Structures are given as structure tokens and as C-alpha cells.
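All remarks here apply to the structure that follows.
Each reported figure results from applying straightforward, stated rules to the coordinates on display, with no laboratory input. Just so it is clear, the model here is predicted, and its values are computed rather than measured. Heads up, the Cβs are rebuilt from the backbone with ideal geometry, glycines too, and the neighbour counts pull from every protein chain shown.
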Amino acid sequence: MVTSEYEHRIAARFATFDQDGNGYIDREDFSGAAKALLAEFDTRARSDKGQALYGGAEAFWQGMAGIADRDGDQRITRGEFVNGAVKRLRDNPDRFAEIARPFLHAVLAVAGGDGDGAVGVEETVRVLRVLGVPEEQAGSAAAALDADGDGRIGEEEVMGAFARYFTVPE
């Protein structure tokens, strides 16, 4: 049962991961997100960037399952997600960011394409849309990530924002 505003917010984030909308998070949600991102950025799955993205998605899945899949069935229910995020990550948001790092690093490489570890605001909007964020929210989120206004969003900015989005109550 969701009992606090924080837990309610974390429960709402569940849909971000449940890419296929079947009511639980599993490996296919992560590989499906990778496949959709590769299609959006016209990147071959067998390329170095494609393989890194699939590898990052698998690492992210393994990390999430290790934190939240309490019954070991290789599926994370909404309750398991809320429990995992609230009980294990609220006090250590950096841990959450670290399990996501290989995936997010590979996403930046696919979306940015130039190897400098940063992406443009427009590419960030495209990534967020592919991952299920509504257009208006994707645009405002990308603009907020570009705090210095240089039009580029780096890995550390993405990592920090990602961790805060899922673990900080405000």
C-alpha cells in the first residue's frame, strides 16, 4: 500500500520502466527501450553503440532486479518497485544512478553521436519521448537539464537528474 506522498510519486515512476504496460517491469522492458532508442537514432543493434546500449540495458535490469525483485520471479511489480526504491534507494540516490550509469552512458553515445559524452537539448527531448515522457514534459525537462544554457547536456547532469527524479521527495 502506498502510504506517503513520496511513495506515491515513486509508484507513478513505475510506468517509466513498464514500457509495454503489462503491469510489471522485466528484462523485455529494458531491451525494448534499447531497441526503440536505436530505431529513433538510426543506429544498428550490431554496431558498437548498439551493443553498448543493449549491454547497458541488461546491466540496468540486473541492478533493478537485485534491488527490487523480492520474490525472484524476474519481474518487478509496482509494490516491489516502490519498496525497492523507497527502502533501498532513498537514503542512497547515488546507488540508483550507478546501476543506471552503463545504460545512460550508452544512451548519450547513441543520441549524441560525437563521442564527447554530451547531447543536445533536442536529442534529449527525443530520448525522453522514446522512453514515454509526454512531449511537453520532455521539453521542459531537457531545458532544465541545460542549466548553463550552452545547448549541451552532459553525463553528470543526466546522472544527477535521473537519481533525483526517482529518489528525492521534492
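A few points about this structure:
- Taking Cα atoms only, the orientation of helix 135-145 departs from the longest principal axis of the chain by about 80 degrees.
- Average 1/r across all pairs of distinct alpha carbons in segment 1-112, invert it, and you get the Kirkwood radius: 14.4 Å.
- Given charges at Cβ of Lys, Arg, Asp, Glu: the chain dipole, positive-most of 161, 151, 99: 99
- Summing Cβ point charges (Lys, Arg +1; Asp, Glu -1) relative to the Cα centre of segment 12-89 gives a dipole of roughly 220 debye.
- In a reduced charge model with +1 at each Lys and Arg Cβ and -1 at each Asp and Glu Cβ, the chain shows a dipole moment near 480 debye about its Cα centre.
- Rounded to the nearest 10 degrees, the inclination of helix 48-68 to the longest alpha-carbon principal axis of the chain is 20 degrees.
- Gain in span if fully extended, residue 148 to residue 164, counting 0.36 nm per residue against the direct Cα distance: 3.9 nm
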